[in-house]
1. Would you pull out the residues with amide H under 5 Å of Ser212's amide H, same chain only if 5 or more places away, H placed 1.01 Å from N?
2. Viscosity 1.002 mPa s, temperature 20 °C: give me the Stokes-Einstein translational D for segment 23-109 in µm²/s, with Rh taken as the Kirkwood radius over C-alpha pairs.
3. How big is the C-alpha Rg of segment 1-41 next to the rule-of-thumb value 2.2 N^0.38 Å, as a ratio?
4. Arrange the peptides 426-435, 384-393 so that the one whose residues have, on average, the most other Cβ atoms within 10 Å appears first.
5. Rg and Dmax in Å for segment 212-307, alpha carbons only: what are they?
6. Which Cys residues of the chain have no other Cys beta carbon under 4.7 Å away?
7. So what's the convex hull volume per residue for the Cα atoms of segment 373-441, in Å³?
8. Ordering Arg418, Arg80 by how much accessible area each has at a 1.4 Å probe, largest first, what is the list?
Amino acid sequence: MAILSKDEAQALLKKVLSFSTADECEASLNGRTTGNIRYARNSVSTAGAQDSATLAVEARFGKRSGIATCNEFDDATLRRCVQRAEEIAKLAPESPEYVALLGPQTYLNPPAAATTQFTAASRAQAAADSMTLCAAKNLAAAGFIDGGTRFQAIRNSKGLEAYQQSTNTDFSVTVRTSDGRGSGYAIADFTDPAKLNAKALTQRAADKALGSVNAKAIEPGKYTVILEPAALMDGGDLSLLGGLLYGLDARSADEGRSFMTKKGGGNRKGEKLFDERVTIYSDPLNAEVPGNAFDNDGLPTKRINWVEKGVVKNLLYSRFWAQKNKVTPTAFPSGFVMTGGTQSTAELIKGTAKGILVTRLWYIREVDPQTLLYTGLTRDGTFYIENGAIKFPIKNLRFNESPIIMLNNIEAIGRPQRLAGCLVPPLKIRDFTFTSLSDAI
């Protein structure tokens, strides 16, 4: 099914609701037209495209609810989907966290989705540019390119109507030397596929691969580090910054399960937890990282300051937890912006007497949710800095660090870059803790 327009999607959802006999009913439609290509050892391994749409119907009788889904949209199937949701609802126990469906809402209008088509030919050309560059240097590239257009529409029996389209293109590449002793990495994402420059990104990864051969071992300990954006946000909630941002949840804090839990009860909203240079917000109208206009409940998003000059200003409140605590619920955003300075990563390196440049972190695991302590490994290009220049590559290291401590040990903040639908700056951090060496490349 092609991407449905707002009118087409709402007409379909209106028909679905007409089949319902429930006390409350909500129907949501999600669809996408996307394509991908994967390559390894300078050869394409898979390529594909997906053109799909899924309908979900939630029926409610009192505090009982049931959900059914389908991906065919003839009248008979739609009617059966609604009936199935109602059958499940009648068998379900009452929800102790029932919250009534939302009524009509007013939404912001994020920047329009890109009109450039990310075709199979353009994906193939991007992959070819990446592989050709590496083959010419006797390097091996392994990459993945994925992108397209998506839409989401919601309608319910209380009068709510919501619709949004979005576009996104993701690119990542790992480059290895022929002897397997050097590795580099680059990642990027864009709203407009025309902005993808696979050759330039692959060149960055290739330079790191060539530069990381013959890595030296150094003693674990506390070092000044420069963390590139991929070392901070690649991996979503399993990343240093992602774990902190996605952990700003009021309920887990109030129930004593998170780093935002206040000793003696309650949460730490309003406390200064980070360096005063740390400001993090979300804004669906941001031109570089346009966000979702509403969440899965149909709750409108808006600009929210999560951390302002080191102070936690807001927490995420689900509709149930907000109702319980008599506060306004929070629609969770699709991306974040961390403000920064004007320096590039290269300029941060020039201002460093001694330190370590970290391209990427991986295999990150949470050690202690109440202190937000994480462990993981460096990967794909780790370098020792001396007198403002990269002196030599070093073997990878295991770290044990908390982003709370990290964001209190800031020496400099660079220019924000788009990554994972967010804007994230490179950070220069003092006393970053490395605990052991790793022989992995």
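1. Here the answer is Ser183, since their amide H atoms fall under 5 Å of that of Ser212.
2. On the way: Rh = 15.8 Å.
Value of D from the Cα-based Kirkwood radius: 136 µm²/s.
3. Values: Rg = 16.5 Å, N = 41, 2.2 N^0.38 = 9.0 Å.
Normalised by 2.2 N^0.38 Å, the Cα Rg of segment 1-41 equals 1.83.
4. On the way: 426-435: 21.2, 384-393: 14.9.
Answer by packing, highest mean first, reads 426-435, 384-393.
5. Considering segment 212-307 through its Cα atoms, Rg and Dmax are 17.6, 54 Å.
6. So, Cys25, Cys134, Cys422.
7. On the way: hull volume 8.3 nm³, N = 69.
Spelled out: Cα convex hull of segment 373-441, divided by residues, is 120 Å³.
8. Numbers: Arg418 50, Arg80 115 Å².
The residues order as Arg80, Arg418, largest area first.
The values are calculated or read from the model by the stated rules, or taken from the named source; none is laboratory data. Given the structure is predicted, the values throughout are model-derived calculations rather than measurements. Cβ sites come from the backbone with ideal geometry, for glycine too, and all protein chains shown count toward neighbours. The accessibility values were calculated without ligands, DNA or RNA, using every heavy atom of the protein model including side chains. Shrake-Rupley method; radii C 1.70, N 1.55, O 1.52, S 1.80 Å.
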